[in-house]
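The values are calculated or read from the model by the stated rules, or taken from the named source; none is laboratory data. It should be emphasised that the depicted structure is a prediction, and the values quoted were computed from it without experimental measurement. So basically every Cβ, Gly included, is an ideal-geometry build from the backbone, and we count neighbours across all protein chains shown. Just so you know, the surface numbers come from the protein's heavy atoms only, side chains and all, with ligands and any DNA or RNA stripped out. Shrake-Rupley method; radii C 1.70, N 1.55, O 1.52, S 1.80 Å.
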Amino acid sequence: MGEILLMKGNEALAEAIIRAGADAYFGYPITPQSEVMEYLAAAKPEERTGMVLLQAESELAAINMLYGAGATGKKVITSSSSPGISLMQEGISYMAGAEIPAVIVNVVRGGPGLGTIQPAQSDYFQATKGGGHGDYHLLVLAPNSVQEMADFVPLAFDLAFKYRNPVMILSDGLIGQMMEKVELFDPIPRWTDEYIREHHGSWATIGKTPDRERNIITSLDLVPERMEKHNLHLKEKYDQMEREEVRYEEISTEDAEYLFVAYGSSSRIAMKAVKLAREEGIKVGLLRPITLFPFPKKPLERLADQVKGILTVELSLGQMVEDVKLAVNCRIPVEHYGRVGGMIPTPEEVVEALKTKIINR
Amino acid sequence: MAKVKHHNIPLDQIIKPENIVFKRTKLFTDNVLSYCPGCGHGVAHRLILEVLEEMGIADKTIGIAPVGCSVLAYEFMDIDMQEAAHGRAPALATGIKRTNPDKFVFAYQGDGDLAAIGTAETIHTANRGENITVIFINNGIYGMTGGQMAPTTIYGMKTSTTPYGRDPKQMGHPLKITEIVAQLPGTCYVTRQAVHTPALVRKAKKAIRKAFEYQKQNKGLSFVEIVSNCNSGWKMTPVQAVKWLEENMLPYYPLGDLKDIGLD
Amino acid sequence: MIVGAIVVDTERCKGCELCTQACPFGIISMSEDVNSKGYHYAYLADPYACTGCENCALVCPDTVITVYRMKVEEPSKAKN
């Protein structure tokens, strides 16, 4: 059993970054996730593991530091919140194109623009549909607890290197700021240069030795035949993610007649709403997508045969609901309930929405 | 012109491997450079590669190509390289060097990349004193996109977006970013060179060598500007362009060291 | 005396003429012929006058010039 602590989501994330054997964190402060870098700075990662910590001059610089370091086979991570993540989109698109592993954490706040510093889930489209230019996807993990803020860091690194693709941990201001019990995993040693050469030397820019061709990290190819081939290669990775990486959780779905679909902080509210509704005799369950890309389409297809209607609960005006509708393909009613601008729905509101939008529609 | 003195040694006696005094460095790939005839990029590429070869550090060097005409620099240099988004090369370099302090890292950038879209990265990377080398090619124009105004376009210079000449009232002033960089305490060696005459090429090579020697000694950021030509963008022949560079670019961008804190 | 020679990779030469300007003796000229890319390429027009000073190669943007140089005894001494 690991060490058990009471921590903020952002702090658990920061501690997990060090324990996951990350080589570097590059970032720029923004509310509501500034605790990440503050925690790291106080924790002296350079002494604990030799991890590099650097406050960049902007999110633009931070993501490009990730690009440079990630392209040498190092485990690199950054965190930010919505406006900062928007600034990073250029670099994220280039990293997806150049196939650079890295982890990007978005502790989402309300938008658009500067929006608010309160929690939101209004960056779902940006996170799951690409975000920057070009045909690409990030693999997106959505933690719904402080525990998962910690546990998803090593998982995200594993997936980033498995696919040589940036992985996003899509959190939100609620998960980042709230305190919960967390059991911390044991530290994972940082990779040695020898390990990197052995496992990633086929692509990483670590210095060309006479025994191999030079390694080039680029997203550019001016020959359309080759660029198309590259895009299809990326597509194959995304298809493989769909086959192998779908993660989700089902709660009280065995006998469910209705279904909530919610991720992250909304799933916590929806869990309570399940309980309240069942006390009233409404048989409702919850499907919680853990990976937002790849999206758990198959379990939704299956549940669409069982339940009479689905309500998505999101801190947005309705983003994930589109993927749910696509998954169930109009077979049953799918509606959305959400609060925005930093407002958070109560479980009672959610139950009421289930009644008005689905049960009594 | 020096006086010609003829000899009668058969050429096949001279053209022998043991008499080679200058040849293409092996660190060039076989690819033909994509640059226009007479473009200074080729010489700048060569000097970097010759320095890496002479210092014996090519196997621990990671180069960064910019966006602009030299976007494909990695096609020509037989070393591990990364291609950066426009202006972000110093951020990449920071990431590489911080996590690989035993490697040599250089960013190769043009004027639009380094002094317009990437100004923030340039300034802050220099100010942090990252132990990297920046090679800055300043030809006062955007070559790749078709000869538009650069931040370093000099007064009155005609480009496709300043067809009547750069007017500072409307377009501001040519940016002497190298002078700004030299002011920053994080930099150890800041110099402005050119490569259009044999003597200047020799000097520029020494400067690039010095810049990498500074990196070897972890003294901070070393920065070599090369005032270069863009015949196509300037709409001149290469020979005319070199003359124009001498007469117009160099008075505004005078050659020489701006900062040199001293090697150990 | 020092004697030299250059060999131009005519296929890679782009005909920029910078070498003709850099040569201290003005003995490099441009060919009438063109290479497969259509460029007039540089050649040593007065081959017995080259000292192998490298100037042409130094300014060549495409590094197409290989320079050879050797020391030979003065012709006057050689005669004796």
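So the values come out like this:
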| item | result |
| --- | --- |
| Bins of 5 Å from zero: percent of alpha-carbon pairs in segment A:249-359 | 2, 14, 27, 28, 19, 8, 1 |
| Average Cα contact separation per residue, chain B, under 8 Å, 6 or more apart, as relative contact order % | 18 percent |
| Surface per residue (accessible, 1.4 Å probe) for segment C:2-79, Å² | 45 Å² |
| Surface share of carbon and sulfur [accessible, 1.4 angstrom probe, percent] for segment B:57-211 | 57 percent |
| Ordering of A:160-172, A:348-360 by burial proxy (mean other Cβ atoms within 10 Å per residue, highest first) | A:160-172, A:348-360 |
| In order through segment B:174-183: 3J(HN,Hα) via Karplus (6.51 cos²θ - 1.76 cosθ + 1.60), integer Hz, x for Gly, Pro | x, 8, 8, 5, 5, 5, 5, 4, 5, 6 |
| Heavy-atom accessible area, 1.4 Å probe, ligands and nucleic acids excluded: residues of segment C:11-38 down by at least 50 Å² from chain alone | C:12, C:14, C:16, C:18, C:25 |
| Carbon plus sulfur fraction of accessible area for chain C, probe 1.4 Å, in percent | 48 percent |
| Projected area, mean over directions - chain A, Cα convex hull, nm² | 19.0 nm² |
| Label-point gap, in nm, between residue A:125 and residue A:278 - each point 7 angstrom along Cα→Cβ | 3.5 nm |
| Heavy-atom accessible area per residue - chain B, 1.4 Å, Å² | 37 Å² |
| Using θ = phi - 60° and Karplus 6.51 cos²θ - 1.76 cosθ + 1.60, couplings along segment A:297-306 (whole Hz; Gly, Pro as x) | 6, 5, x, 5, 4, 5, 5, 5, 6, 9 |
| Shielding by other protein chains, A:15-24, mean Cβ within 10 Å | 1 |
| Förster radius 56 Å - calculated FRET efficiency between residue C:71 and residue B:161 (Cβ-Cβ, nearest 0.05) | 0.55 |
| 16 Å Cα-Cα reach of residue B:169 towards lysines, excluding residues that sit fewer than 8 places from it in its own chain | B:158 |
| Relative packing of peptides A:101-111, A:146-156, A:83-93 - highest average C-beta neighbours within 10 Å first | A:101-111, A:146-156, A:83-93 |
| Normalised alpha carbon radius of gyration of segment B:32-260 [divisor 2.2 N^0.38 Å] | 0.93 |
| Using a Förster distance of 41 Å, the FRET efficiency for residue A:213-residue A:254 (Cβ separation, nearest 0.05) | 0.15 |
| Per-residue HN-Hα couplings for segment A:334-348 [Karplus 6.51, -1.76, 1.60; θ = phi - 60°; Hz; x = Gly/Pro] | 10, 10, 10, 10, x, 10, 9, x, x, 7, 10, x, 8, x, 4 |
| Whether segment A:38-98 is rounded, prolate or oblate, judged on the alpha carbon gyration tensor where a/c under 1.5 counts as rounded | oblate |
| Accessible area buried between chains B and C, both sides summed, probe 1.4 Å, in Å² to nearest 100 | 3600 Å² |
| Expected-Rg normalisation [2.2 N^0.38 Å, Cα atoms] applied to the protein assembly as shown | 1.15 |
| Cross-link table A:74/B:210; B:3/C:71; B:103/B:206; A:208/C:37; A:297/A:357; B:5/C:71, entries beyond 24 Å C-alpha to C-alpha | A:74/B:210; A:208/C:37 |
| Tensor-based shape of segment C:2-79 (alpha-carbon gyration tensor, a/c under 1.5 rounded, otherwise prolate or oblate) | prolate |
| Kyte-Doolittle mean at least 0.0 and Cα axial length at least 18 Å: DSSP H helices in chain B | B:41-55 |
| Accessible surface buried upon A-B contact (total; probe 1.4 Å; Å², nearest 100) | 2700 Å² |
| In degrees, nearest ten, helix A:224-244 long axis to first principal axis of chain A (Cα) | 50 degrees |
| Approximate shape of segment A:136-179 as ellipsoid semi-axes (Cα gyration tensor, √5λ), whole Å, largest first | 21, 11, 5 |
